[in-house]
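The values are calculated or read from the model by the stated rules, or taken from the named source; none is laboratory data. Here the structure is a predicted model, which is why all the values come from computation and not from measurement. Ideal geometry is used to build each Cβ from the backbone, glycine not excepted, and the neighbour counts take in all protein chains shown. In case anyone asks, the SASA skips ligands and DNA or RNA and just uses the protein heavy atoms, side chains included. Shrake-Rupley method; radii C 1.70, N 1.55, O 1.52, S 1.80 Å.
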Amino acid sequence: MTYAAITGWGKCMPPAVLSNDDLSTFLDTSDEWIVSRTGMKERRVSHVGAIELSTVAASRALACAGLDPADVDLIIYGGVSNDELVPNSASGVQFALGATKAASIDLNTACTSFCYGLTTATAMIRTGVVRNAVVIGVELISRYMDWSNRGVAVLFGDGAAAVVLQASDNEEGVLGSVLGCDAEGRQTLRVRGMGCTYALHDITYGDTIWDFDGQSIFKRAVHAMSDASRRVLEQCGKTADDVDLVIPHQANLRIIESVAKYAGIPMERVIVTVQKYGNMSAATVPVALVEALEASRVKPGSTLLMPAFGGGLTYCSLLVKWGERVTPLGQSAAELPPVTQTALEMVNAIRANQDPHGRSRDGLLAPVFAESSTPAAVE
Ligand code: UT7
C-alpha cells in the first residue's frame with residue numbers, strides 16, 4: 001500500500017505587524033473588544049504578492065524535504081487570494097521555483113483550501129498519479145479587505161506555508177479525511193467585487209464589500225468542525241485520547257475552544273496562533289503546523305487532528321499520522337525582500353484607493369446577476 005508522507009514544511013510570514021491599536025486609528029474599535037471577542041492581538045500585512053509569499057514558503061518546505069524543485073510532480077496552490085486569475089497562481093509558483101515538470105493547480109475552498117489540497121494530493125499520490133506534491137496554503141487578504149468595515153477588517157491577516165508530500169510504504173500522512181459543504185449558508189460569507197458577477201463594473205484595487213454574518217458563521221463553524229472531527233476519528237477507529245495535537249483553523253479563539261471541548265481534548269493539546277496572526281484563511285492550518293514542528297510539539301509518530309471551516313461554507317477534518325522525522329533535512333536561502341513601510345502605512349495606502357470615485361460602493365458592487373438566478377438546490 002502506498003501512503004503520502006509529509007516530508008517537508010516551511011512558512012513565510014510577512015514581517016509587518018498590524019496591531020489592534022493600529023486598527024483603532026481608523027475604525028471605531030478597541031483592543032479590548034477584539035481580544036475579548038476573537039483572541040486576536042495582531043496580524044501581518046504583506047508587502048509582496050501572494051505568489052512570492054508562496055514561493056518562499058514552498059522553497060523552505062522543499063529544502064526541509066531535501067527535494068529538488070526540478071523533481072516536483074504537482075503543486076497545489078490553496079487559497080482565495082490570487083495575484084491574477086489568469087494565469088493561475090500555481091503556475092507562477094512553478095515558474096519561480098523552477099519546478100518545470102510540476103502539474104500546477106489552484107484550489108479554492110476558502111479557509112479549508114490547504115486541507116482540501118492536502119487530501120487531494122494525498123489521494124493522487126496514493127493512487128499513483130504523482131509521486132510527490134507541494135501543497136500551499138496562502139492568503140493576501142489585506143489587498144481586498146473592506147477596510148471601512150470593522151466587522152471584518154479586524155479579523156483577517158496575510159501569510160503562507162507549504163508542505164511536501166512524498167510516496168511512502170509507511171502508514172503515515174493523511175489517514176482519514178471528512179470533507180463537506182454547508183452550502184445552505186453560503187450567503188453568510190461573501191466578498192462582493194471579485195469574480196465575473198462584478199466584471200462589468202469599474203472595480204478598483206481593494207474595492208470590495210464583505211457580507212459577513214459573524215454569529216451564524218460562528219455557530220455553523222463549531223457544529224461542522226466538531227461533527228467532521230467526530231466522524232474522521234470514527235472512520236479511522238480512533239478516539240480523542242489517541243489525538244496528540246489538534247491543529248485547527250484559526251478564525252476565533254472561542255471557536256477553537258468550543259471545538260476542542262466538543263472533541264473532549266484539553267486546550268494544552270491544541271495549537272493556537274490566532275493571537276499573533278489573526279485569521280489567515282487557508283494559511284492558518286499549515287502555519288500552525290509549521291510552528292508546532294518548530295516548537296517540537298510534533299513528535300515522531302504523533303497523531304494530529306486538523307478541523308477547518310470557511311466560505312462556501314466548506315468544512316473538513318483530517319487525521320494525520322506523523323512519520324519519524326521532525327527536523328528539516330536542509331535550509332533554503334529564499335527570503336522576502338526587506339519591507340520599507342509599516343503595516344499601517346500599507347493599509348492606509350490601500351484605503352486611499354478604495355472608492356476613489358466617491359460613489360456608493362453598494363451601488364457599484366451590485367451583482368450583475370441577481371441571487372435568484374442561482375439554480376435552486378435540488379432536493
Ligand atoms: O474563517 C472564516 C470563518 N469565520 C468565522 O468563523 C468567524 C465567525 N464569527 C466570529 O468570530 C464572531 O461572530 C465575530 C468575532 C465576527 C463577532 O463576534 P460576536 O461576539 O458575534 O459579535 P457581534 O457580531 O454579535 O457584535 C456585537 C457588537 C455589535 O454591536 P451592538 O449591535 O451590540 O451595539 C457590533 O456592532 O459588537 C459590535 N462590533 C464591534 N465593536 C467594536 C462588531 N465588530 C466590532 C469591532 N469593534 N471590530
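From the set of residues in the stretch 121-139 that are surrounded by 24 or more Cβ atoms within 10 Å (Cβ to Cβ) and out of contact with any Gly (no Cβ under 7 Å at 6 or more places or on another chain), which is farthest from residue 352 (Cα to Cα)?
So, considering only residues that are surrounded by 24 or more Cβ atoms within 10 Å (Cβ to Cβ) and out of contact with any Gly (no Cβ under 7 Å at 6 or more places or on another chain), the one farthest from residue 352 (Cα to Cα) is 125.
Out of the stretch 306-320, which residues are farther than 15 Å from residue 240 by Cβ and away from the ligand (no atom under 14 Å from the Cβ)?
Across the stretch 306-320, the qualifying residues are 318, 320.
So, of the residues in the stretch 22-69 that are small (Gly, Ala, Ser) and farther than 18 Å from residue 133 by Cβ, which turns out to be farthest from the ligand (Cβ to nearest atom)?
So, considering only residues that are small (Gly, Ala, Ser) and farther than 18 Å from residue 133 by Cβ, the one farthest from the ligand (Cβ to nearest atom) is 49.
Looking at the stretch 30-105, what helices (runs of 4 or more DSSP H) fall wholly within it and have at least 1 residues that are within 21 Å of the chain's Cα centre (by Cα) and in contact (Cβ under 8 Å) with a residue 60 or more places away in the chain?
31-38, 50-65
Write out, first by first residue and then by second, each pair whose Cβ atoms fall under 7 Å of each other, whose residues are 6+ apart or on separate chains, and whose first residue, in the stretch 146-169, is farther than 25 Å from residue 124 by Cβ and touching a residue at least 12 places away in the same chain (Cβ under 8 Å) while the second is near the ligand (Cβ under 9 Å from one of its atoms) and assigned to a strand (DSSP E or B).
Correct list of pairs: 151/212; 152/212; 155/279; 156/279; 157/279.
Look at residue 42 and say whether it is of a type in the set (D, E, K, R), under 29 Å from residue 229 (Cβ atoms) and open to solvent by 20 Å² or more (accessible area, probe 1.4 Å).
yes
Tell me which residues, restricted to the stretch 342-361, are in contact with a helix residue (DSSP H, G or I) (Cβ under 9 Å, 6 or more places away or on another chain), modelled with pLDDT of 70 or more and open to solvent by 40 Å² or more (accessible area, probe 1.4 Å).
Listed by number, the list holds a single entry, 342.
Take the residues in the stretch 148-160 that are touching a helix residue (DSSP H, G or I) at 6+ places or on another chain (Cβ under 6 Å) and within 12 Å of the ligand (Cβ to nearest atom), then tell me which one is most open to solvent (accessible area, probe 1.4 Å).
For the stretch 148-160, the residue satisfying everything is 156.
If only one of 228, 183 is modelled with pLDDT of 95 or more, loosely packed, with under 14 Cβ neighbours inside 10 Å and closer than 20 Å to residue 116 by Cα, which one is it?
So the residue among 228, 183 that is modelled with pLDDT of 95 or more, loosely packed, with under 14 Cβ neighbours inside 10 Å and closer than 20 Å to residue 116 by Cα is 183.
Please go through the stretch 220-243 and pick out each residue that is among the basic types (Lys, Arg) and within 16 Å of the ligand (Cβ to nearest atom).
Of everything in the stretch 220-243, just one residue is among the basic types (Lys, Arg) and within 16 Å of the ligand (Cβ to nearest atom), namely 220.
Considering 251, 292, 221, which residue is among the aliphatic types (A, V, I, L, M), closer than 25 Å to residue 153 by Cβ and part of a helix (DSSP H, G or I)?
221
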